[in-house]
Amino acid sequence: LHDILERIDFETFRGRNYDEWAEQPQIESLIYSTLSNWGFDADEWREGAQELIWNALETPVDLPPTEDRLRLAELERKAREVDFYLPIPEGYVSPEEDGLREARAESGFVEGSIDLAFEHDGRIYIADWKSNALEDDYRPSELRTLVAREYPMQVTLYTMATMELMDLDDRETFERRF
């Protein structure tokens with residue numbers, strides 16, 4: 001799914017319902033070939049993959065701290081697969097000291113890629129594609145709890161990378177833009 005989300009043309013969603021979108025030759029081709037390339041039976045998995053992609057990009061998401069909601073498919077200002085390379089800060093606290101379960105290092109660099117960064121009304125947001133099954137509870141409060149519990153290191157790294165990439169170098173700018 002991640003591979004499809006990296007490459008799908010957001011314009012294919014504009015003004016279309018699910019059936020119209022799914023029947024486009026470029027959508028059928030992208031999903032079929034990607035599933036096949038990853039060793040999945042494309043005939044068996046295509047419809048489910050299409051539904052997941054549609055829902056990921058067409059379901060409105062909350063944009064805190066505002067009350068705005070936005071479908072990712074309608075984003076105008078976006079960047080996908082934003083690579084970053086950050087030094088591990090001096091005085092770094094090891095994961096076991098702050099309760100995190102991620103990799104451990106005392107010096108060096110961290111390399112990563114943000115799946116989706118976008119701007120809406122002057123604010124910068126980041127999104128990361130996940131495929132966790134949440135037992136039918138996808139309320140924003142449950143998603144926030146999951147992210148806080150399972151991905152604290154990733155949130156910290158992506159925030160640091162975004163601050164660096166977008167020159168958010170003081171608290172006021174950070175609070176206003178991110």
> Is it fair to say Leu146 is open to solvent by less than 90 Å² (accessible area, probe 1.4 Å), without any contact (Cβ under 8 Å) to a residue 24 or more places away in the chain and over 19 Å from Pro65 (Cα atoms)?
Replying inline: no
> Got a number for residues in the stretch 8-26 being more than 20 Å from the chain's Cα centre (by Cα) and aliphatic (A, V, I, L, M)?
Replying inline: 1
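Select from the stretch 3-28 the residues that are of a type in the set (S, T, N, Q) and closer than 23 Å to Glu81 by Cα and write down the one among them that is surrounded by the fewest Cβ atoms within 10 Å (Cβ to Cβ).
First, pick out the residues of the stretch 3-28 that are of a type in the set (S, T, N, Q): 12, 17, 24, 26.
In the following step, the residues that additionally are closer than 23 Å to Glu81 by Cα were identified as 12, 26.
Working: Thr12: 16, Gln26: 10.
Checked the stretch 3-28; the qualifying residue surrounded by the fewest Cβ atoms within 10 Å (Cβ to Cβ) is Gln26.
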> If Glu172 satisfies every condition in (1) open to solvent by less than 50 Å² (accessible area, probe 1.4 Å); (2) over 15 Å from the mean Cα position of the chain (by Cα) but one, which is the exception?
Replying inline: (1)
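Being in contact (Cβ under 8 Å) with a residue 24 or more places away in the chain and out of contact with any helix residue (DSSP H, G or I) (no Cβ under 6 Å at 6 or more places or on another chain) narrows it down to one residue among Tyr151, Tyr158; which is it?
Working: Tyr151 fails: in contact (Cβ under 8 Å) with a residue 24 or more places away in the chain.
Sole residue among the options that is in contact (Cβ under 8 Å) with a residue 24 or more places away in the chain and out of contact with any helix residue (DSSP H, G or I) (no Cβ under 6 Å at 6 or more places or on another chain): Tyr158.
The values are calculated or read from the model by the stated rules, or taken from the named source; none is laboratory data. Here the structure is a predicted model, which means the values were calculated and not measured. When we count neighbours, we look across all protein chains shown, and the Cβ atoms used for this are built from the backbone with ideal geometry, even at glycine. Heads up: the accessible areas ignore ligands, DNA and RNA and are worked out on the full protein's heavy atoms, side chains in. Shrake-Rupley method; radii C 1.70, N 1.55, O 1.52, S 1.80 Å.
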